[in-house]
Every structure is written in structure tokens, then in C-alpha cells.
Amino acid sequence: MTYANRAADIHAAIDIEESRYSAANPASKSMFEDAGSYLPGGSSRQSLYFDPFPLFLSRTDGSGVEDVDGHAYTDFTGDMTAALYGHSEPAITDALRDALSNGMSYGGPHAHEVALGREICERFPSIDRVRFCTSGTEANLIAMQLATIITGRRLILAFEGGYHGHMCNYLSPGMPLNVESCRMVFAAFNDIEDMERVVAEHEDEIAAVIVEPMMGSGGGIMADPSFLRALRAAADRTGALLIFDEVQTARFSPGGMQAIWDIEADITTLGKFFGGGLNFGAVGGKIRFVERLSPTHPQTVMHGGTFNNNVLTMIAGYAGLRQVATQSGIEALNAMGDDLRHKLTRIATAKAVPFQAGCYGSILSLHFQNALPVNPKQIETPAALRKLYHLFMLNRDIYITRRGAINLSFAHTEADCDRIADRFETFLDSYGHLIA
Ligand SMILES: Cc1ncc(COP(=O)(O)O)c(C=O)c1O
């Protein structure tokens with residue numbers, strides 16, 4: 001089949017799946033149109049938008065979500081990894097119910113923030129002190145701010161395709177940025193030579209190197225441990241700080257990706273699931289790196305934040321870590337992800353469809369190509385094929401992101417994994433011939 005024929009066939013298949021999707025979801029369509037009168041583009045969170053219109057959800061439970069047209073789905077978006085505990089983990093909902101009986105929004109320090117802080121410090125050897133905030137974006141901004149203040153330098157080295165939040169979004173080259181007090185320089189992800197080139201160019205100017213140990217929004221690409229070690233060495237050599245953005249990867253072990261590879265970050269940022277499903281961000285590190293956030297430090301860096309120690313977040317986060325995201329719980333969930341990865345790979349191999357299931361443990365990134373990408377430029381799966389796969393799955397009770405990532409949660413069961421594997425197989429039976 002020629003490339004042009006294949007592209008035309010993919011578009012014809014999209015037309016079929018899109019018509020079915022639109023016909024099945026009139027309430028979502030109408031709500032989306034209505035939303036456009038009040039919210040820019042009908043959206044509060046652009047990562048949830050997809051064409052022709054996103055599903056509007058009405059409720060969630062365990063590993064499932066329901067939409068306003070009355071369809072039930074097995075959810076593999078996992079709220080973009082934030083819903084690690086599923087959507088209604090009893091340890092968390094019970095703790096929240098109890099918490100509500102003592103009122104909300106204390107507006108003063110309380111024991112629950114200390115409990116969560118202690119838990120995080122005990123899990124991460126590189127974290128002596130942690131400051132809470134309200135998002136991963138904010139945590140990364142604080143981390144970069146601290147690095148510039150501590151080192152007296154203004155450059156931050158980040159990686160092409162990295163995503164550290166709204167104001168630190170390096171997915172789109174040339175995006176007007178963002179962090180006013182520092183300047184960014186970029187190197188290719190997983191490319192030690194390119195990183196060394198940029199470091200050599202700016203040797204004494206780099207305040208920090210910021211990296212995701214697994215590029216999440218950039219396509220679900222693991223950092224090679226040798227690359228992370230090279231970053232550690234470059235930071236040590238030049239006096240820059242190494243910031244690990246573990247907003248997504250902290251789920252892979254109690255001490256995050258840094259514990260798995262045995263590499264200590266200077267500053268670690270956390271987010272998403274650590275709040276038990278509520279708004280969360282945190283920045284932590286050795287005392288010498290985060291002490292400036294102390295209100296009694298003579299050169300304190302003022303950091304307020306109305307909801308930093310929100311009591312519901314602190315309680316939900318603590319309950320999740322203590323009762324669910326234990327060492328054994330995390331190992332079991334990673335094993336479930338590995339099983340699913342093997343299952344999908346076996347199905348694709350049997351049908352001779354080019355396919356790679358990347359990432360680690362409980363996060364799977366799917367690529368319809370022969371080799372696993374090691375940087376975003378190597379992602380070859382055409383956008384049209386991703387759209388076809390996405391609509392196909394939505395039409396068959398599987399809720400996933402357009403990128404096709406699978407984010408498992410503690411609520412998922414073997415039956416859920418079998419269900420997505422079954423739909424995956426049906427997809428390849430229907431459209432596998434369109435995948436080059
Ligand atoms: C690795 C990483 N860092 C930072 C962020 C930003 O977190 P938030 O959306 O809480 O601001 C995200 C969000 O997707 C992320 O994946």
C-alpha cells in the first residue's frame with residue numbers, strides 16, 4: 001500500500017469512527033458548545049480537549065468514569081496520572097469524610113501538613129525539608145527560583161520536549177516563555193553529547209538542570225539512567241543544581257525514580273497523586289537548598305500560597321501514601337503494568353504490527369512504530385493514526401487520552417487490563433493494515 005493510499009484510508013476510517021462518536025454523544029457535544037460561551041474554547045484544562053469535542057463526565061468510581069450521555073468507560077487516562085488511587089479509594093474518601101466533620105480551610109498550621117511532610121522526607125533520601133504548594137507548575141517555578149538565588153546564576157538548562165507545567169512548557173520550540181527571572185537553554189533529551197555541548201558553552205552560568213526522569217507530556221519517554229547520571233556529574237562539575245521533576249515518576253517507587261536509579265537530585269518536585277486526588281505540588285531537597293523558604297531565614301524567599309497546606313489535601317495525600325502507595329502496593333501495580341505491556345506487545349507481534357509499549361511500570365506509552373523513541377523527535381506515529389485509535393477506543397468503552405498513554409491506578413483490576421487488551425486486539429484486527 002502506498003503512503004498516500006494509507007493516509008486516505010486512515011482518514012476514511014476516522015470519518016467512520018468520528019460519525020459514530022458524534023452520534024453517540026449528543027449531550028457532550030451540546031455541553032461543549034454551551035461551554036464555549038463561558039470558557040475559552042469551552043475548556044478549563046487544554047490537555048483534556050480533543051476534536052471533535054471532549055466527553056463531558058458526570059461521575060467516576062474506582063477505575064471507571066461515566067459521561068453525560070450515560071456511557072460507562074474503563075478509565076486509562078487516570079486524570080493524566082494524578083488519579084493513582086483511582087477515583088474513589090475508600091482509604092481516602094473515608095479520611096476526607098472524617099476531615100470534613102472538623103471543617104475546611106483552617107487558615108493556620110496543623111498536624112496534617114507535618115504528617116505528610118514527614119512521610120515525604122522519610123521516603124526520599126534527598127529530601128530533608130519539603131514545601132507544599134498547589135501545582136506541579138508552581139513547584140517547578142519555585143525550584144528554578146531557588147536555584148537561581150542559591151547559585152547567583154540565571155541560566156536554566158532544560159530539555160527539548162520537556163513539560164514542567166504551564167509556565168515551563170518546552171514541548172513547542174519557540175513558545176514565548178515564561179520564567180522571567182532566568183533564561184533557558186536547551187539540549188536534546190537523552191543525548192549526553194548535546195547536553196555536554198550546551199554545558200560547555202555556558203559552564204559558569206547554569207544555575208540548574210531540570211529534567212523529567214520520564215518525559216511525560218513529551219510522549220512518555222524514559223530518560224536513560226546513564227543520561228541522568230551524566231546530568232548529575234555535569235551539575236557537580238559546574239556547581240549547578242540538579243532538579244528532578246518527579247511529578248509523574250514519583251509513583252514508580254516510594255522514593256521515586258531517583259531511588260530506582262540511585263541518583264540523588266538536589267531539588268525534587270512533586271505533584272499530581274501526592275495530594276490523594278486533590279490539588280497538589282511540592283518542592284523538596286536538602287536543607288541547604290530549600291532553607292531559603294524558611295520564614296525566619298535572614299534572606300528568606302517569600303512564598304505564600306493560600307491553599308499550600310489545605311487540610312483536605314494534606315489528609316488525602318497522607319492517607320493515600322500510608323495506606324495504599326506502600327512499597328508492596330507500588331510493586332504490585334508496576335507488575336500489573338509490566339504484564340499489560342507484555343500482553344499488548346504479544347498481540348501486536350502476533351499480527352506483525354509495528355508496536356512499542358514504553359515507559360515504566362504503571363504508565364505505558366504506546367507507539368505504533370518499530371523502535372522505542374528515546375527523544376520526542378523519534379516519535380513517528382502519525383497524528384491521524386493516534387486520532388483513529390483514540391476515537392476507536394472511546395467508541396468501545398475505553399477512556400484514554402489522544403496520545404494513547406495508559407495510566408494504571410490502584411483501582412484497576414486484571415479484568416480492566418484484559419478489557420483494554422481485548423479492544424486493542426480488535427483495533428489491530430480492524431485497522432492494523434493501516435499501520436506501516
Ligand atoms: C512532569 C510534569 N511536571 C509538571 C507538571 C505540571 O503539574 P500541574 O499540572 O500540577 O501544574 C506536569 C503536568 O502534567 C507534569 O507531567
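The values are calculated or read from the model by the stated rules, or taken from the named source; none is laboratory data. All values reported here derive from a predicted model rather than from experimental measurement. When we count neighbours, we look across all protein chains shown, and the Cβ atoms used for this are built from the backbone with ideal geometry, even at glycine. Calculation scope for accessible area: heavy atoms of the full protein, side chains included, ligands and nucleic acids excluded. Shrake-Rupley method; radii C 1.70, N 1.55, O 1.52, S 1.80 Å.
Helix 383-394 and the longest principal axis of the Cα set of the chain meet at an angle near 80°. On the basis of the beta-carbon distance and an R0 of 41 Å, LEU57 and THR300 show a calculated FRET efficiency of 0.45.
Shape call for the range 257-315 from the C-alpha gyration tensor, a ≥ b ≥ c root eigenvalues: rounded (a/c under 1.5), prolate (a/b greater than b/c) or oblate?
Values: a/c = 3.13, a/b = 1.03, b/c = 3.05.
Verdict is oblate for the range 257-315.
If a spin label sat at a point 7 angstrom from the Cα of PHE50 along the line to its beta carbon, the backbone N atoms of the range 399-420 nearer than 11 Å would be those of 399-406.
When the accessible area of the chain is split by element with a 1.4 Å probe, what percent falls to carbon and sulfur? Looking at the chain in its full context, I get 53 percent from C and S.
Panel note: the C-alpha atoms of the chain, placed on their principal axes, show extents of 66, 57, 46 Å (largest first). Remark: the range 114-122, residue by residue, has Karplus-estimated 3J(HN,Hα) of 5, 4, 5, x, 4, 4, 5, 4, 6 Hz, where x stands for each Gly or Pro and the curve is 6.51 cos²θ - 1.76 cosθ + 1.60 at θ = phi - 60°.
Working note: Debye formula, equal point scatterers on the alpha-carbon atoms of the range 90-323, no solvent; log10 I(q)/I(0) at q = 0.08, 0.12, 0.14, 0.16 Å⁻¹ is -0.28, -0.63, -0.85, -1.09.
Protein-only accessible surface at a 1.4 angstrom probe places the residues SER105, SER362, SER44 in the order SER44, SER105, SER362, largest first.
Convex hull volume of the C-alpha atoms in the range 49-146, normalised per residue: 177 Å³.
A 1.4 Å probe run over the protein chains yields, for the chain, 42 Å² of accessible area per residue, whole-number rounding. Among DSSP beta bridges whose residues both lie in the chain, state the antiparallel percentage, nearest 5. DSSP beta bridges in the chain are roughly 60 percent antiparallel.
If r is the Cβ-Cβ distance from SER430 to ARG97 and R0 is 45 Å, what FRET efficiency results, to the nearest 0.05? Walk me through the numbers before you get to the answer.
On the way: r = 45 Å, r/R0 = 1.00.
Between SER430 and ARG97 the formula returns 0.50.
Placing a label point 7 Å from the Cα of SER43 along the Cα-to-Cβ direction, the residues of the range 395-410 whose backbone N falls under 14 Å from that point are 401-403. In this view, the solvent-accessible surface of ASP397, computed with a 1.4 Å probe and all protein chains in place, comes to about 60 Å². Where does helix 327-350 land angle-wise versus the long Cα axis of the chain, in degrees 0 to 90, nearest 10? For 327-350 against the chain, the angle is about 30 degrees. Stretch ARG154-ASP224 to full length: gain in nm at 0.36 nm per residue minus the Cα-Cα span? Length difference between fully extended and current span is 22.5 nm.
Taking a ≥ b ≥ c as the square roots of the eigenvalues of the alpha carbon gyration tensor, the range 101-150 is oblate, as a/c is not under 1.5 and a/b does not beat b/c.
Suppose the chain between ASP194 and ARG237 were pulled fully straight at 0.36 nm per residue; how much longer would it get relative to their current alpha carbon spacing? Write out the running numbers ahead of the final one.
Numbers: separation 43, 0.36 × 43 = 15.48 nm, distance 1.65 nm.
Between ASP194 and ARG237, full extension yields an extra 13.8 nm.
Residues in the range 227-235 carry Karplus couplings, in order, of 5, 5, 5, 5, 5, 4, 5, 5, 5 Hz; the curve used is 6.51 cos²θ - 1.76 cosθ + 1.60 with θ = phi - 60°, and Gly or Pro positions show x.
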